[in-house]
Amino acid sequence: MPDRRDVKGLDWSLLKRLTGMLRPYGWMAAGAFSLIICAALFETAIPLVTRHAIDVDIAGGDLEGLRGTILVFLLLVAGGFVTRYFQQVLTGFIGQRIVVDLRRSLYRRVTSMQMGWFDRTPVGQIMTRLTNDVENLNQLFTGGLILIFQDILSLVLIVGVLFWMDWRLALMLLAVVPVIMLATFQFKKLVRAAFRRVRALVADVNTFLQENITGMAVVRLFRREARNREIFEQINTRLMDEHLRTIFYFAVFFPLMEVLGSVATAGVLWVGGGRVLDGVLTFGTLVAFLNYAERFFRPIRDLAEKYNILQNAMAAAERVFEILDRHPTITGGEQLLPKLKGEIVFEHVHFSYEKGIPVLKDISFRVSAGSSTALVGYTGSGKSTIASLLLRFYEPQQGRILLDGVDLRDYRLDELRRRMAIVLQDVFLFQGTLWDNICLGEDYPEERVREAARRTGLLDWVDGKAEGFHTEVSERGQSLSGGQRQLVSFARALAHNPDLLLLDEATSSVDTRSEGLIQEAIAELLKGRTSVVIAHRLSTIQQADQILVLHHGELVESGTHRELMDHEGIYHRLWMLQSRNGAAASNGKPEA
Amino acid sequence: MGRYRGRILRGALLVLVTNSLFIFGPRVLGLAIDDLGQGLQNHSLGWYIGVLLGLAVVSGVTRFGMRQQLIGTSRLVERDLRELFFERLLALSPRFFARQRTGDIMSRATQDIENVRLASGPGMMYSMDTLMLGGFGLAMMLSMSFRLSLVVLVMLPVVSVIVYRISKRIHRLTLLSQKQYGRISSHVQESAAGIRVIQAYAREEYMAGRFDGELEKYLQIQMSLIRTDAAFRPLMGALFALSQAILLWLAGTDIVAGKLQLGEYVAFSTYMSMLAWPTIAIGWVTNLLQRGDAGMRRLDEIIREPDVLGEGRAVGRQGGAITLQDLSFAYEDGPEVLSHIDLELPAGSVLGVVGETGSGKSTLLKLICRELEPQSGRVLLDGKPLAELKLDELRAEMAVVPQDAFLFSETLRNNVRFGKEHASEEDFLRSSEISRISSDIEQLADGWESAIGERGITLSGGQKQRSTIARAVLMQPRVLILDDCLSAVDNHTEEEIIGELRQYMDGRTTLIASHRLSALRGADRIIVLQEGRITESGTHEQLLEHKGLYADLYRRQELEEELSHGGDEHA
Ligand SMILES: Nc1ncnc2c1ncn2[C@@H]1O[C@H](COP(=O)(O)OP(=O)(O)OP(=O)(O)O)[C@@H](O)[C@H]1O
Ligand SMILES: Nc1ncnc2c1ncn2[C@@H]1O[C@H](COP(=O)(O)OP(=O)(O)OP(=O)(O)O)[C@@H](O)[C@H]1O
Ligand SMILES: [Mg+2]
Ligand SMILES: [Mg+2]
């Protein structure tokens, strides 16, 4: 795969790959091409018919013949119409199917990418790949390639006819072509550069708007209105300046083309007129020439535009292929997973998100099947990272993780993840109903969903809503309170009925009373299941069979609540802080 | 647009000149051909060529001017509109943003502004151009032969109506297709933003299935669009060819009968193809103007939206006393979330807000910082209703740490400096010290300059929260509002932050909502919210005394601790 670069000329290997995408629609494409050829033939023949009418029928005063000629004329027109119609429908269809194929495979590729890729790739960029870029690429099939083929074909046909009629006049007409080409390509170059700047600025304007609309509350609260308006004015004005520049180019280019067209017409008149006077050229031919001149210049003028489309499409194709050629680095093995016992073993696991900044250092621990384990530590110590590794969002650089005695990497990815359920620290709710958010498209029986909602203490609230579980949730769940969002995400995990439950700060935004109720409600559910709980509120984890304390990515303490209290390390310190009055603190002491 | 009247007039004038020059070209050509037939009796060939070229060059120059003036104006209008739009957005009340989806506002800012621009530039230019070219062309043709002109007079309205119909249909389909396209892109957006959930629950296939459904719908719409579009141009071509054929027949018989010159036919036929464009354009331009009009109306909905945050008077630096009077609030078409809240908070005091999930704590805090506006009742700052204060000043007095840690995809430094770009390095370091984010800096690849990804994706939960605390602290406000801002922070760090904050809060009115009662230590007063009402209010001791929800929540923590100690003892 070539590096990211601006496609200069035409990249043939890319073009080959693109045309390869036509393969499933081979006969349709062939049909479209034959239709183009027919249409071009029909259209090129029309001025010849007019010539015949003028030179033979009208000059000879043969009205009967004229009628026949006009009939031929009409037949050609009808033929042109029908072939053009079917050709456009056909190419449109092929293009759309390719778009669907591409979007499907892109979407599947993107969603199977490893988390590290998402950390680096902005959502906006992913959207652009799947929407704009694919759309541009489609231009290659429906616009670029086909139109260029069509233009070249009619140019060749017209030039052929011109030379056949009168080579001197033909040469006269062709004389302006180099000038037009020159002007066109100069124009193309200027406009292309300007358009690139315009596109970048449009993207800036829109991103800025988007972020300001979604973050409007924050913009307001921090009094950024004036400053942001200033910034907006700047990019907005720059965009306008850039637009004005392109308008200038266009304002020069289009009239210039008209002038050049007139020059060619004048030239034809000059040479042709003399030859008519000499009696070597018929009027009909002169008229046909003038007619062809008109047809001749349009495609040449448009060629620049189409070349532009082509290049855009190629650049888009390159970006699209870049994703398609990138294979997810985290893939599953073959091992199926009928039922998980839930024994987890970390063996000397090292991990870092970015080179040189280790986040987990030589972590080893064992969680026996059916037991509960708590992860404790200062913020940023790597707790969520351990959960991410278990889900195989990331891959440890060293060491391995075993589940039921088998390396995580050997399991089929979807099977593995299906057996687990996590409440992520960063709650994400989709736009849709509460039901959709809990079930995520699985058709769970209503009882199961209600049960999950009941255990998380959501049920009364949901039943109090007019629409119950079918209440709509807005973007990112903004229409719910912070705690409610978390509870929905918790209910989602429970409804999933996992063999292994991961709770990453699952109740941090929930009041202690509800938290206590949830703990009671899930206690029986957790019996016999493995659970890993991350919590800063230590009251929620003291019953855990095992507590692991992380500090700067190292496992510094492990044991039961009792053992760790006796140890008087970090856990003990954290615990003392939580028991905020001295009485509780001194209560803890005598046990030591 | 009034301010560009001069430009538009100049443009219109140029359109007039261009077309009156341009229109003579075919006539001259026709005359030349006829003269050729008679052996050039009237003028030399060079004369004709000179006239043709002269006309072409002069009309080329004026055409250049007309584009510059008219299309240029549309870009000026576009910029002004966009600026006005953004300015209005900044002024609108939060109710508006709760009502309106981001995507909808964005489509107005992009699609509708573009439509207005198209109407005001190309739309205006082409409608003038079309009308003049059409008018002149018709006049020319009528002056040459009325009989032949009939062909055009019949064809013209027919074609215009067809174009109008079809382009209307195309427009309707285009809207549908844009809408579906919008659904596709929001699906992609949600999938990318929620990828952790999707992968964690192995729902890739399900999401892909839904995506396929959207794609299929899009394909259907696109295909009807393509079919309509595919018929359109060839149909136009065919109609014009048809009129050319009729012309050829009529002119042919006339020439044979000696009533018409060949040159006249050529000129006529050239005029006819020249008119082809205006006839198509009339339908197209009408559509363009209509769309522009619709776009402008949609923009007006926002530009003239009356639901703005009122600008009050400037009153100068405030003390920070907050009073709530009979405050009630409900979200759009929802039940009442807060009812009849009364509260008196002296300047410089600390208020704790406690309550169960969904009891209305965040809502209350949002009302106090005027992120929301109450349906009834008032919020007063130093005795003056918030609505009467100058918003900018009000914001200068308040800093908020929202429950949702929203960060921008910027460097960490810029995020902390968000509210005060020009804060001194000293203040900056101090605020990062208070929020304890400074201690994590060495863990980040590029320190303060680390790009933290969208919404701060590469930070840990606690790091994100602490960044937002630093951002607020740097503002040095009179009133500090903390909404559950230590939920992702461990006890040790919490203790440190609270310690630092206590000193910082001195002299600042502070409101803290929290589920961790430990964060409320030192509050002068604590209120308990239950289903939107204040049910308990007082100091920590008073509330314990009261034995209500607060005491229950408090004992719950105590009790659990004791329980566990007890459990240990049994073990
Ligand atoms: N996606 C990521 N890319 C790069 N660095 C990351 C990423 N996620 C976390 N980190 C860094 O890794 C370290 C550990 O983060 P982690 O989220 O595991 O902490 P944590 O123990 O869960 O903290 P908290 O209690 O605040 O949630 C932090 O320094 C954080 O900045
Ligand atoms: N934007 C919104 N639109 C509609 N309803 C909302 C919106 N925001 C909150 N609500 C509802 O208003 C009620 C109060 O929400 P609020 O966020 O004030 O609760 P809270 O006390 O802050 O809860 P938590 O402790 O969970 O943060 C909840 O029932 C919630 O569902
Ligand atoms: Mg975490
Ligand atoms: Mg809240």
Test: residue in region B:454-470 that is more than 8 Å from chain A (Cβ to nearest Cβ), open to solvent by less than 10 Å² (accessible area, probe 1.4 Å) and more than 16 Å from ligand 3 (Cβ to nearest atom): yes
Across region A:210-244, the tally of residues that are under 23 Å from residue B:400 (Cβ atoms) and among the aliphatic types (A, V, I, L, M) stands at 8
Does region A:440-457 contain any residue that is within 11 Å of chain B (Cβ to nearest Cβ), of a type in the set (A, V, I, L, M, F, W, C) and under 27 Å from residue B:209 (Cα atoms)? yes
Looking at A:33, A:42, A:86, which one is open to solvent by 20 Å² or more (accessible area, probe 1.4 Å), among the hydrophobic types (A, V, I, L, M, F, W, C) and at pLDDT 90 or above? A:86
Does region B:490-506 contain at least one residue that is within 16 Å of ligand 2 (Cβ to nearest atom), β-branched (Val, Ile, Thr) and more than 10 Å from every other protein chain (Cβ to nearest Cβ)? no
Candidates A:537, A:529 - the one that is touching a residue at least 12 places away in the same chain (Cβ under 8 Å), open to solvent by 10 Å² or more (accessible area, probe 1.4 Å) and within 12 Å of chain B (Cβ to nearest Cβ): A:537
Counting only residues that are more than 7 Å from every other protein chain (Cβ to nearest Cβ) and open to solvent by 20 Å² or more (accessible area, probe 1.4 Å), how many does region B:82-100 have? 7
Is one or more of the residues making up region B:406-415 among the hydroxyl-bearing types (Ser, Thr, Tyr) and either within 15 Å of ligand 1 (Cβ to nearest atom) or assigned by TED's automatic domain parsing to the domain that holds residue B:94 (or both)? yes
Members of region A:464-505 found to be among the charged types (D, E, K, R) and open to solvent by less than 20 Å² (accessible area, probe 1.4 Å), listed by number: A:492, A:499, A:504, A:505
If you go through region B:518-527 one residue at a time, do you hit one that is open to solvent by 30 Å² or more (accessible area, probe 1.4 Å), more than 16 Å from ligand 3 (Cβ to nearest atom) and not in a loop (DSSP other than H, G, I, E, B)? yes
Given the structure, is residue B:401 modelled with pLDDT of 90 or more, more than 16 Å from ligand 3 (Cβ to nearest atom) and under 30 Å from residue B:454 (Cβ atoms)? yes
Determine whether region A:491-499 contains at least one residue that is at positive phi and within 11 Å of ligand 2 (Cβ to nearest atom). no
When you go through B:299, B:289, B:327, B:345 one by one, which is the residue that is under 36 Å from the mean Cα position of the chain (by Cα) and not assigned by TED's automatic domain parsing to the domain that holds residue B:146? B:327
Can you tell me how many residues within region A:417-428 are crowded, with 24+ Cβ neighbours inside 10 Å and either more than 16 Å from ligand 1 (Cβ to nearest atom) or over 23 Å from residue A:380 (Cα atoms) (or both)? 2
Please find, among A:102, A:173, A:162, A:155, the residue that is closer than 30 Å to residue A:210 by Cα and in contact (Cβ under 8 Å) with a residue 60 or more places away in the chain. A:102
For region B:44-81, give me each residue that is small (Gly, Ala, Ser) and at the interface with chain A (Cβ under 7 Å from one of its Cβ atoms). B:56, B:60, B:72
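Conditions (1) at pLDDT below 90; (2) of a type in the set (Val, Ile, Thr); (3) buried (at least 19 other Cβ atoms within 10 Å of the Cβ); (4) within 30 Å of residue A:243 (Cα to Cα), marked per residue:
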residue: B:19; (1), (2), (3), (4): yes, no, yes, yes
residue: B:26; (1), (2), (3), (4): yes, no, yes, no
residue: B:35; (1), (2), (3), (4): yes, no, yes, no
residue: B:44; (1), (2), (3), (4): yes, no, no, no
residue: B:47; (1), (2), (3), (4): yes, no, no, no
residue: B:53; (1), (2), (3), (4): yes, no, no, no
residue: B:56; (1), (2), (3), (4): yes, no, yes, yes
Helices (runs of 4 or more DSSP H) enclosed by region B:371-439 - at least 3 residues per element that are within 10 Å of chain A (Cβ to nearest Cβ): B:391-397
Do we find that residue A:508 is more than 18 Å from residue A:439 (Cβ to Cβ) and either more than 9 Å from chain B (Cβ to nearest Cβ) or surrounded by fewer than 24 Cβ atoms within 10 Å (Cβ to Cβ) (or both) in this structure? no
Does region A:537-552 contain any residue that is within 16 Å of ligand 2 (Cβ to nearest atom), within 30 Å of residue A:451 (Cα to Cα) and modelled with pLDDT under 85? yes
Can you pull out the residues in region B:330-362 that are buried (at least 22 other Cβ atoms within 10 Å of the Cβ) and near ligand 2 (Cβ under 9 Å from one of its atoms)? B:338, B:353, B:355, B:356, B:357, B:358, B:359, B:360, B:361, B:362
Every residue from region A:230-243 that is crowded, with 18+ Cβ neighbours inside 10 Å and facing chain B (nearest Cβ under 7 Å): A:232, A:236, A:240, A:243
Selection from region A:465-490 of residues at positive phi and more than 16 Å from ligand 4 (Cβ to nearest atom) yields A:468
Exactly one of B:439, B:431 is open to solvent by less than 10 Å² (accessible area, probe 1.4 Å), away from ligand 4 (no atom under 16 Å from the Cβ) and out of contact with any strand residue (DSSP E or B) (no Cβ under 8 Å at 6 or more places or on another chain), and that residue is B:431
Step by step: first the residues of region A:500-533, then only those that are on the phi < 0 side of the Ramachandran plot and among the small types (Gly, Ala, Ser), then the one that is nearest to ligand 4 (Cβ to nearest atom). Which residue is that? A:509
Of all helices (runs of 4 or more DSSP H) fully inside region A:141-223, the set with 3 or more residues that are open to solvent by less than 60 Å² (accessible area, probe 1.4 Å) and within 14 Å of chain B (Cβ to nearest Cβ) is A:145-165, A:177-214, A:216-221
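The values are calculated or read from the model by the stated rules, or taken from the named source; none is laboratory data. The structure displayed is predicted, hence computed values, not measured ones. Cβ coordinates were reconstructed from backbone atoms using ideal geometry, including for glycine residues, and neighbour counts include every protein chain displayed. Ligands, DNA and RNA are excluded from the accessible area calculation, which covers all protein heavy atoms including side chains. Shrake-Rupley method; radii C 1.70, N 1.55, O 1.52, S 1.80 Å.
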